[in-house]
Amino acid sequence: MRPTFWQRLDTFARHQVPMVTTLLLVLVAIIPSHVPGLVRIGPMLSLIAVYYWAAHRPDLMGYGVVFAVGLLEDTISGAPLGIGSLVLLLVHAGVVHQYKFFNGKSFTVTWGAFVLVAGGASLLRWLSISAVNGALVSPEAPFYAYLMTVAMYPVIGWLLVRLHIALLRDV
Amino acid sequence: MSVKQPSASPSRLGHIRSLVARFALVLLVGASFALMLLGKADILLVERFRTTATDAVAPAIDMMSRPASSVAEMVDNVRELIGIREENRRLRQENERLLRWQTTARQLETQGESLKSLLNFVPEPQSSFVSARVVADTGGSFAQSLLVTAGEQDTVEKGQAVMSGEGLVGRISEAGRRSARVLLITDINSRIPVMVGNAGQRAILAGDNSDRPRLLFLKALQSIVPGDRVVTSGDAGAFPPGLPVGVVTAVNDSDVKIEPYFQRDRLSYVRIIDFGLSGILSDIAPPTSKADSKR
């Protein structure tokens, strides 16, 4: 039976969930939290979302979307353009390439793998920023931001799992 | 958890699709590098792109940041209520002290005015300001900047000084139509001519993305001690002289760190001040006082 127009529209809307959640997290990350000291070590929320969806529904987020998310992040955060896109693209490609590994793995294993992936991503980001600025920037803040990102993974990951099960289980 | 995973199609179509995906990846990674180079080469173009994009998403960020700032305000309120008696006592003492200073300031003002009139002093251009809400704060090692909800339609222009109640926050680095980016004095790209201490020694305040920017090109390092006040010097015409910036916290061999007066985690509103320094027509038509706030 061919799906009706409304069914197709519904499926289409559900398929946008990974993109929309990632874009929302980009915006959430730059909202002033008014917590002393937090702003310099803010977690990379978009990285969590890109990683999660690449590991679980790589069919719903193409390279174009990942590139656009990185570009948006660089644009509104004032960082040099291109770095966010590069880091997110490589993370996405790496995880999609290891799709067999992530398929059906438990949350803890995915988190463990994220520790490595986020470490690589932070290192790459730090090197790129230093290269663009023409001088090594202090590695202290990126390192704490990395720890914060790893620590935030269960929280954001849990929210994404909820959304994933609620909206994307059958489509 | 039982979540549907997509199955890889083994057909020729799947093969073509994976080739296309790989091509797209290579293309987009190349585009990322190209953007990095472009950001270095054509600053104007990149800036225009940034302001347009930021203007487009500014309303969304503005809306999303409101709950966070409401919560922060509520927490502040409770904190203030708890310490209200202590605060009251402190303020009364401070008020007494300030009243004495006021008298001194009045006397000095009159004296200054009469001396200026003796010297045929050319008055400084009048300044005007707009207040704007801080809707985004980007930190980390990447860029130290704020987004504020005021742009060219509110007479905000690139280069204007941004102050909080405590001191200098930074300057406008990009102005869109309804939003603007503030480059903080802690950003790695920020360089501000300053004066240090009572002697008014000239230096350049350079950010390095940490919370403590450092002073460069100091001539007499030994005369600098922790606790010295740092104010703008007005050199290069970027800012008027005398805006409070921060205090010296640490002096090592060849390295002087300062702590800015502004408190980053408490920035909800900032004042964007037009000192009339950049406008070439400012001496013909002095800028009208645009003291309307956006609150």
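All of the numbers you see were taken from the coordinates with simple rules; none came from a lab. Everything quoted here is computed from the prediction, not taken from an experiment. Cβ sites come from the backbone with ideal geometry, for glycine too, and all protein chains shown count toward neighbours.
Pairing the Cα long axis of helix B:43-82 with the longest principal axis of chain B, what angle in degrees results, from 0 to 90 and rounded to the nearest 10?
Long axis of B:43-82 versus the principal axis of chain B: about 60 degrees.
What are the semi-axes of the equivalent ellipsoid for the protein assembly as shown, taken as the square roots of 5 times the Cα gyration tensor eigenvalues, largest first, in whole Å? Mind dumping the intermediate values first?
On the way: eigenvalues 467, 108, 100 Å².
After scaling each eigenvalue by five and taking roots: 48, 23, 22 Å.
Helix-only mean residue ellipticity at 222 nm, chain B, DSSP H runs n ≥ 4 weighted -39,500 (n - 2.57), per residue, nearest 500. What is it?
Details: 3 runs with 106 residues, N = 295.
It comes out at -13000 deg cm²/dmol, rounded to the nearest 500.
Taking the Cα atoms only, what angle lies between the long axis of helix A:45-56 and the longest principal axis of chain A, rounded to 10 degrees?
The answer is roughly 40 degrees.
Once you've got the GNM for chain A with C-alpha springs shorter than 10 Å, pick whichever of A:89, A:72, A:136 has the biggest mean-square fluctuation.
Of A:89, A:72, A:136, the Gaussian network model singles out A:136 as fluctuating most.
With axes computed from alpha carbons, what is the tilt in degrees of helix B:84-119 against the longest principal axis of chain B, rounded to the nearest 10 within 0 to 90?
That works out to roughly 70 degrees.
Total Lys pairs in the protein assembly as shown closer than 29 Å by alpha-carbon, pairs eight or more apart in sequence or interchain only?
Counting lysine pairs in the protein assembly as shown gives 9.
Work out the charge dipole of chain B with +1 on the Cβ of Lys and Arg and -1 on the Cβ of Asp and Glu about the Cα centre, then indicate which of B:60, B:210, B:151 is farthest towards its positive end.
The listed residue farthest towards the positive side: B:60.
Ignoring the sites themselves, what is the longest stretch of chain B with no GluC sites (Glu not before Pro) in a DSSP loop and at most 16 other beta-carbon atoms within 10 Å? Please report the intermediate quantities before stating the final value.
Working: sites that count: B:157, B:166.
Longest site-free region, per DSSP loop and neighbour criteria: B:1-156.
Project the alpha carbons of chain B onto their principal axes and report the range along each, largest first, in whole Å.
In descending order, the Cα extents are 91, 49, 48 Å.
Evaluate peptide B:49-59: per residue, the Cβ atoms of other protein chains within 10 Å of its Cβ; return the mean as an integer. Show your work: numbers first, answer last.
Numbers: counts 3, 5, 1, 1, 5, 5, 0, 3, 6, 1, 0.
Across the residues of B:49-59, the mean count of other-chain Cβ atoms within 10 Å is 3.
Let me know the shape class of the range B:54-119, please: from the alpha-carbon gyration tensor, a ≥ b ≥ c as square roots of the eigenvalues, rounded when a/c is under 1.5, otherwise prolate if a/b is greater than b/c, or oblate.
Details: a/c = 10.62, a/b = 1.54, b/c = 6.89.
Taking the square roots of the gyration eigenvalues as a ≥ b ≥ c, the range B:54-119 is oblate.
Does the range A:5-168 come out rounded, prolate or oblate, given a ≥ b ≥ c as the square roots of the eigenvalues of its C-alpha gyration tensor, rounded meaning a/c under 1.5 and, failing that, prolate meaning a/b above b/c? Intermediate values should be presented prior to the final figure.
On the way: a/c = 1.65, a/b = 1.54, b/c = 1.07.
Prolate shape, in that a/c is at least 1.5 and a/b is the bigger ratio.
For peptide B:34-41, how many partner chain Cβ atoms fall within 10 Å of a residue's Cβ, on average? Don't jump to the answer; show the numbers that get you there.
Working: counts 2, 11, 10, 3, 2, 7, 4, 0.
That average works out to 5.
If each DSSP helix of 4+ residues adds -39,500 (n - 2.57) and the sum is divided by the residues in chain A, what number results at 222 nm, nearest 500 deg cm²/dmol?
Calculated at 222 nm, the ellipticity per residue is -24500 deg cm²/dmol.
Hey, in the GNM for chain B with a 10 angstrom Cα cutoff, which one of B:267, B:218, B:98 fluctuates hardest?
Of the options given, B:98 has the highest mean-square fluctuation.
What average count of beta carbons from other chains do you get within 10 Å of the Cβ of residues in A:34-46?
That average works out to 5.
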